[in-house]
1. When you scan the stretch 35-61, how many residues do you find that are hydroxyl-bearing (Ser, Thr, Tyr) and over 23 Å from the mean Cα position of the chain (by Cα)?
2. Give the residues of the stretch 81-96 that are free of Cβ contacts under 8 Å to residues at least 40 places away in the same chain and either surrounded by fewer than 22 Cβ atoms within 10 Å (Cβ to Cβ) or in a helix (DSSP H, G or I) (or both), sorted by residue number.
3. Looking at LEU55, LEU4, LEU64, can you tell me which residue is among the hydrophobic types (A, V, I, L, M, F, W, C), surrounded by 23 or more Cβ atoms within 10 Å (Cβ to Cβ) and either in contact with a Ser or Thr (Cβ under 6 Å, 6 or more places away or on another chain) or in contact (Cβ under 8 Å) with a residue 24 or more places away in the chain (or both)?
4. Within the group LEU94, LEU4, which residue is of a type in the set (A, V, I, L, M) and more than 16 Å from the ligand (Cβ to nearest atom)?
5. Please work out if VAL121 is assigned to a strand (DSSP E or B), touching a residue at least 40 places away in the same chain (Cβ under 8 Å) and buried (at least 22 other Cβ atoms within 10 Å of the Cβ).
6. When only residues in the stretch 97-108 that are within 15 Å of the ligand (Cβ to nearest atom) and in contact (Cβ under 8 Å) with a residue 24 or more places away in the chain count, which is nearest to the chain's Cα centre (by Cα)?
7. Quick test of your reading of the structure: ARG62 fulfils all but one of (1) among the charged types (D, E, K, R); (2) within 30 Å of GLU192 (Cβ to Cβ); (3) within 14 Å of the ligand (Cβ to nearest atom). Name the failing condition by number.
8. With in contact (Cβ under 8 Å) with a residue 40 or more places away in the chain and of a type outside the set (A, V, I, L, M) as the only criterion, which of ASP168, ASP157, ASP114 stands out?
Amino acid sequence: MGKLVEGVWQDIWYDTKASRGKFVREDAGFRDWIQHQPNSRFQAESGRYHLYVSLACPWAHRTLIFRTLKGLEAHIDVTVVCPDMLSEGWQMGLPEPLFGHTRLHQIYTQAKPDYTGRVTVPVLWDKKHNTIVSNESSEIIRMFNSEFNHLTDNHLDFYPEHLRGLIDEWNDYIYPNINNGVYRCGFATTQEAYEEAYDKLFEALDKVERHLATHRYLAGREITEADWRLFTTLVRFDAVYVGHFKCNKQRIADYPHLQGYLKDLYQIEGIKQTTDFYHIKRHYYFSHTGINPTQVVPKGPDLDLESPHQRAQIS
Ligand SMILES: N[C@@H](CCC(=O)N[C@@H](CS)C(=O)NCC(=O)O)C(=O)O
């Protein structure tokens with residue numbers, strides 16, 4: 001894994017020295033917006049945008065879920081990178097269709113030849129202006145949620161006006177403690193930093209477990225963006241984070257309500273097809289050689305995500 005420094009690829013792992021062993025995620029570098037508005041530089045048009053994702057990555061997974069739920073498959077095409085992220089960073093299996101590049105960092109320098117920063121997925125590319133619109137998943141899913149409705153006639157709204165306060169509150173709590181919390185455990189390089197992240201992670205999972213005992217979804221009866229953001233971490237938890245990131249106080253399968261909720265979301269039409277456990281396990285265990293130097297990928301666990309979730313009665 002590495003990063004670009006003034007447009008030149010350098011193979012370097014995260015530097016946790018300055019933060020006393022803590023993993024600090026870098027902010028995304030491209031933050032434009034597709035808008036269905038007359039003067040927008042990035043108009044919502046069919047066939048104009050291309051999405052680069054890894055099926056292993058929880059942040060990229062959010063964008064694939066929204067592409068499916070919002071009926072955008074015919075309008076936004078996708079390149080899936082290889083699960084292995086080694087000295088050249090994310091790589092394509094076959095040359096990608098727009099420029100024939102074989103490394104994701106070439107897409108970044110195609111957009112900005114002197115780019116400095118990490119080369120992350122997801123990336124939303126604009127074929128018209130030949131640039132990256134955004135590499136921030138939380139913003140890409142908002143665009144997908146609302147800006148293409150005139151093309152798809154799909155008006156499902158995962159960030160409805162009346163629930164925004166509640167959704168934002170859950171997101172603000174779940175992102176540092178759970179979504180990024182598992183990474184803060186796994187990428188910590190001191191015992192203290194790891195234990196601090198671990199305690200916060202399991203305190204947060206306990207809190208969500210209590211909430212889900214009496215609420216079908218985070219914001220009540222409706223599935224919202226907050227649920228999909230939590231889902232992509234939960235679905236990777238027992239397969240990867242428990243072992244590889246040492247998040248091993250409990251599995252999701254040991255929490256009755258979180259497990260039922262996870263199954264409920266997994267069983268929504270189209271979601272299972274966005275979830276690829278081969279890519280998920282292979283990426284983490286094979287790519288993070290600092291954590292797993294043998295690169296052996298575990299065979300298990302056997303996950304039970306398809307049995308009845310029994311949550312339909314919860315209000
Ligand atoms: N803020 C970004 C984070 C994306 C991110 O960190 N993706 C990881 C994969 S799970 C990545 O590409 N990491 C490569 C690196 O950090 O070098 C988002 O949510 O879109």
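Derivation of every value follows stated rules applied to the coordinates shown; laboratory data play no part. This structure is a prediction, so every number in the text was calculated from the model and none was measured. Cβ: placed from backbone, ideal geometry, glycine included. Neighbour counts: every protein chain shown.
1. Start the filter on the stretch 35-61 by keeping residues that are hydroxyl-bearing (Ser, Thr, Tyr), which leaves 40, 46, 49, 52, 54.
This time we only want the ones that are over 23 Å from the mean Cα position of the chain (by Cα), so: 40, 46.
Of the residues in the stretch 35-61, 2 are hydroxyl-bearing (Ser, Thr, Tyr) and over 23 Å from the mean Cα position of the chain (by Cα).
2. Start the filter on the stretch 81-96 by keeping residues that are free of Cβ contacts under 8 Å to residues at least 40 places away in the same chain, which leaves 82, 90-95.
Result: CYS82, GLN91, MET92, GLY93, LEU94, PRO95.
3. On the way: LEU55 fails: surrounded by 23 or more Cβ atoms within 10 Å (Cβ to Cβ); LEU4 fails: surrounded by 23 or more Cβ atoms within 10 Å (Cβ to Cβ).
Of LEU55, LEU4, LEU64, the one residue that is among the hydrophobic types (A, V, I, L, M, F, W, C), surrounded by 23 or more Cβ atoms within 10 Å (Cβ to Cβ) and either in contact with a Ser or Thr (Cβ under 6 Å, 6 or more places away or on another chain) or in contact (Cβ under 8 Å) with a residue 24 or more places away in the chain (or both) is LEU64.
4. Values: LEU4 fails: more than 16 Å from the ligand (Cβ to nearest atom).
Only one candidate qualifies: LEU94.
5. Details: assigned to a strand (DSSP E or B): no; touching a residue at least 40 places away in the same chain (Cβ under 8 Å): yes; buried (at least 22 other Cβ atoms within 10 Å of the Cβ): yes.
When the stated conditions are applied, VAL121 does not pass them.
6. Residues of the stretch 97-108 that are within 15 Å of the ligand (Cβ to nearest atom), as a first pass: 103-108.
Narrowing the set further to residues that are in contact (Cβ under 8 Å) with a residue 24 or more places away in the chain leaves 103-105, 107-108.
Numbers: ARG103: 20, LEU104: 17, HIS105: 19, ILE107: 19, TYR108: 19 Å.
Out of the qualifying residues, it is LEU104.
7. So the condition that ARG62 fails would be (2).
8. Values: ASP168 fails: in contact (Cβ under 8 Å) with a residue 40 or more places away in the chain; ASP157 fails: in contact (Cβ under 8 Å) with a residue 40 or more places away in the chain.
Checking each option against the conditions leaves just ASP114.
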